[in-house]
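Let me begin by presenting the structure, written as structure tokens, before commenting on it.
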Ligand SMILES: [Zn+2]
């Protein structure tokens, strides 16, 4: 049985706002299935004595002191924006959401 | 026939759940060094990290972690020995990264509780509200919807984003479901937020200003038919921004849901928006399609694993619990319940305490702050402490206690200080507001008053003591209100053989 279905790939694409053609979906569903299969093999190797990890480094509590550092100027902050107005980022209206 | 609040509660039992978001008052943001000042010019407090620019890396603010642990400890939570951040993925322009860094399945504080005391017509009642979790996350940017009906999303032509707020440390405090509050559900909800706010304020971890959004509450509510034991579908009312609104939102939802259920309709699981003017809620986003945020561990941040020593150090720094402090002060100052509540509700407890600590008599301190000064503050829509300092008030009260000012003169001093005429002593000097305590000067005024109203004086001589009132009034007028009325009365009656 496939690890990921074509419908699941379509759903992921929708959540990631990536538009995909039927052909692309067919193709990717197959490829992702291979990737997931490879990951599943690694999972088999990890025994109960291996704790799950989310980070390659065995460190914790890396923090910074609560000190203010200089920010960008508004001009710098907005310099990469496709559109701006009133010193703010201008984005298209948001539909169907509140 | 539609159900009102009381008839709704005869049929249905409400179940509450409360989510409170509190902005921490750190100097810098959660994951970068940008300032967190409220009301700054748009996009002046941003950097590559909080704008989500490629290649930027977050680092956690240590004080934000400590503030969160303090909140957890104050709410009797267990502090997790290991907790992580996760990415909550969503596409909405209020987060430029396209995800919010939050804690998901491994929050830093779990399983706490908060006792909520409310006043009811059956006396004070205590409800134990259990806390599910306290976790760290970051605030979002502010959107301004332009065009259409201004400010609303529907019909907007475009939106403008200010990311100053994006990345400000935010702590979310989530209760377990709060059952069996019955008709007191609105008061318990309000009491919970008030008690939580008091604790956060005592910890000095947040400004807790609901009107500025540094404390926001989402109210979850469902109804179940009495005796059925089946929980109903809940609605979630977002961003209820005052204590009064929390109470009204719960009341409104109980009535709305009861009427829906009674007419055979279903309660839809959805986000609703509280309408300040009517106390009603209106539907927002429907949650029928469960949101899929595709949470996964944040690879750019390492875990937070507070050791016992760190936690104990923080525990030692916990302040006195607000409820205990209140009881202690009430006893020490011998304040009746009603006045104590007035002081707490006016948020003047700290101010009065500071004034008392400077030597002022507690009763006088309370009546000046809650009376004259609050009255002027209300007229001008400012806070009492914006008008006059604690030390000025303490000084004025000291002069009253010493007999150097009457209440009437003191009011003028307060007025002068508020009008920025200077310190109390400068105002007293400028306006010549000293009590006339020189008896010979008072006797001169008394003789003058008697000469002007010989018939009244005779009445007093004949034993009509109340008639002295008019003469005392005249003396006060002659001395420009600067005499001690009690002393005038004493001298006058003695002079007239009484
Ligand atoms: Zn920043």
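Since every read-out is calculated from the coordinates, none of them should be taken as a lab result. Model, not experiment: these values are computed from the prediction. Cβ placement follows ideal geometry from the backbone for every residue including glycine, while neighbour counts extend to all protein chains displayed.
Brief remarks on what is shown
- Value of relative contact order over chain A, rounded to a whole percent, pairs C-alpha under 8 Å and six or more apart: 17 percent
- Across q = 0.21, 0.22 Å⁻¹, segment B:439-495 modelled as identical point scatterers on its alpha-carbon atoms has Debye log10 I(q)/I(0) values of -0.66, -0.73, in the order of the q list.
- Antiparallel %, DSSP beta bridges [both residues in segment B:5-311], to 5: 95 percent
- For segment B:292-370 versus segment B:413-477, the gap between their alpha-carbon centres in whole angstrom: 44 Å
- Order of B:82, B:38 - criterion: other Cβ atoms within 10 Å of each residue's Cβ, fewest first: B:82, B:38
- At q = 0.29, 0.30, 0.35 Å⁻¹, base-10 log of I(q)/I(0) for segment B:189-231 (Debye sum, equal scatterers on each alpha carbon): -1.05, -1.09, -1.19
- Per residue of B:87-99, other chain Cβ atoms within 10 Å of the residue Cβ number 2 on average.
- Peptide B:301-310 shows a mean partner chain C-beta count of 3 within 10 Å per residue C-beta.
- Stokes-Einstein D (µm²/s) once Rh is taken as the Kirkwood radius of chain B over alpha-carbon pairs, at 4 °C in 1.567 mPa s: 48 µm²/s
- Taking other C-beta atoms within 10 Å as the exposure proxy, A:57, B:144, B:471, B:187 rank A:57, B:144, B:187, B:471 from fewest upward.
- The protein assembly as shown - mean residue ellipticity at 222 nm from DSSP helices (-39,500 (n - 2.57) per run, n ≥ 4, rounded to 500): -11500 deg cm²/dmol
- Residue exposure sequence - B:135, B:145 - by fewest surrounding Cβ within 10 Å: B:145, B:135
- In this simple spin-label approximation, residue B:332 and residue B:6 carry label points 7 Å from Cα along the Cα→Cβ vector, and these lie 4.4 nm apart.
- Cα pair count fraction exceeding 42 Å, expressed as % - the protein assembly as shown: 41 percent
- Between helix B:485-495 and chain B: long-axis angle, C-alpha atoms, 0 to 90°, nearest 10: 20 degrees
- Inter-chain Cβ neighbour average for residues A:68-81, partner chain, 10 Å: 6
- Normalising the average separation of contacting C-alpha pairs (under 8 angstrom, six or more residues apart) by the number of residues puts the relative contact order of chain B at 14 percent.
- 0 to 90° range, to nearest 10: angle between helix B:185-203 axis and chain B longest Cα axis: 80 degrees
- Projected onto its three principal axes, the C-alpha set of segment B:1-68 covers 60, 29, 24 Å, listed from the longest axis down.
- Chain B: angle of helix B:468-478 to the longest principal axis, Cα-based, in degrees nearest 10: 80 degrees
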